[in-house]
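The values are calculated or read from the model by the stated rules, or taken from the named source; none is laboratory data. Computed from a prediction, not measured in an experiment: that's the story for all the values here. Note that each Cβ is placed from the backbone with ideal geometry, even for glycine, and that neighbours are counted across all protein chains shown. Just so you know, the surface numbers come from the protein's heavy atoms only, side chains and all, with ligands and any DNA or RNA stripped out. Shrake-Rupley method; radii C 1.70, N 1.55, O 1.52, S 1.80 Å.
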Amino acid sequence: MKFTDFNFKDYINQTLENIKFEKPTEVQEKLIPIVLSGRDLVGESKTGSGKTHTFLLPIFQKIDTDLDEVQAVITAPSRELATQIYKAAQEFTKVNDKLRVSNFVGGTDKARQIKKLESSQPHVVIGTPGRIHDLIKANALIVHTANTFVVDEADMTLDMGFLNEVEQIASRLPEKLQFLVFSATIPEKLRPFLRKYMENPIIEEIKTKAVISEDIENWLISTKGKDENQMIYQMLT
Ligand code: AMP
């Protein structure tokens with residue numbers, strides 16, 4: 001299967017060419033048609049499977065850039081994860097300058113974000129649940145126009161205690177909404193939330209080989225108060 005088989009808009013195909021995605025991953029091939037169909041979906045899949053583009057591509061396909069309103073909201077449980085999604089989304093805004101995507105995470109200038117939202121709303125909102133909720137409470141971010149809500153890394157969102165913030169955001173969204181949840185696991189504590197907000201969702205467990213090579217070792221190293229370049233140099237030498 002090729003990406004062109006999905007009949008995406010030209011700027012989406014152009015972006016996929018730019019970022020050198022030649023064919024969909026297993027997750028993308030299976031789930032993109034479901035997301036495009038408008039059904040609610042719980043995707044049990046790990047990071048590294050290509051799930052970010054599984055929701056980004058159908059979202060961009062649906063966005064009407066002539067409307068100055070929020071059409072999709074995507075939450076992730078950490079600044080880093082939200083920023084990772086945002087960076088993937090920026091590849092599409094590089095090609096389509098009418099498309100507006102914002103990244104709202106903690107530790108950034110909230111007053112400036114509120115000021116900017118007074119003049120225009122982004123089409124796609126990406127961010128951490130806390131900051132997105134803050135901007136909604138401040139009546140700066142208007143989300144009742146959204147038609148898609150994505151909760152990425154739902155199990156981690158629950159573990160980090162952000163599910164309440166996600167529920168607060170969900171309560172501001174319209175009744176008619178496509179709800180997409182991605183999670184490595186579906187813990188028991190997440191189930192009431194899924195039952196409350198999702199309408200007859202398709203639940204897909206994807207056991208897939210990671211896109212990222214299994215041979216790559218991951219090290220977690222604290223860089224607090226240290227010079228990152230110096231540390232990399234030390235490790236390499
Ligand atoms: P994700 O699981 O969405 O974080 O994706 C893991 C990595 O795979 C990211 O670096 C993506 O840019 C990359 N990726 C996702 N889909 C594809 C694809 N169809 N072809 C090549 N790389 C991909």
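Structure notes:
- Net dipole in debye of the chain [+1 Lys, Arg Cβ; -1 Asp, Glu Cβ; about Cα centre; nearest 20]: 420
- Gyration tensor (alpha-carbon) shape descriptor, the range 1-146, a/c threshold 1.5: prolate
- The coefficient of translational diffusion for the range 118-237, derived via Stokes-Einstein from the alpha carbon Kirkwood radius under 25 °C and 0.890 mPa s, stands at 140 µm²/s.
- Accessible surface of the chain, 1.4 Å probe, proportion on carbon and sulfur as whole %: 49
- Summary value for the range 88-197: 23 percent relative contact order, contacts being C-alpha pairs under 8 angstrom separated by 6+ residues.
- Think of the chain as a dipole: +1 on every Lys or Arg Cβ, -1 on every Asp or Glu Cβ, centred on the Cα centre; then among THR223, PRO201, LEU67, LEU67 lies furthest on the positive end.
- Looking at the range 94-143, the pairs of alpha carbons with a distance over 12 Å make up 62% of the total.
- Charge-dipole axis of the range 43-174 as Lys and Arg at +1 and Asp and Glu at -1 on Cβ define it, positive-most pick from MET160, SER78, THR108: THR108
- Gyration tensor (alpha-carbon) shape descriptor, the range 1-64, a/c threshold 1.5: oblate
- Per residue of the chain, the DSSP helices (runs of n ≥ 4 H) give a summed -39500 (n - 2.57) that works out to -12500 deg cm²/dmol at 222 nm.
- Placing +1 on the Cβ of every Lys and Arg and -1 on the Cβ of every Asp and Glu, with no other charges, gives the range 68-113 a dipole of roughly 100 debye about its Cα centre.
- Rough spin-label spacing in nm, given labels placed 7 Å along Cα→Cβ, for ARG172 and VAL95: 3.1
- Contour minus Cα-Cα distance for MET1 and LYS137 (0.36 nm per residue): 44.6 nm
- Over 24 Å between alpha carbons, listed pairs LYS110/LYS137; LYS51/LYS110; LYS23/LYS62; LYS137/LYS196; LYS137/LYS224: LYS51/LYS110; LYS137/LYS224
- Alpha carbon centroid spacing (whole Å) that separates the range 149-222 from the range 59-74: 21
- Simple spin-label estimate for HIS144 and ASN200 in nanometres, 7 Å along Cα-Cβ: 2.8
- About its Cα centre, the range 1-51 has a charge dipole of approximately 80 debye under the convention of +1 per Lys or Arg Cβ and -1 per Asp or Glu Cβ, with nothing else charged.
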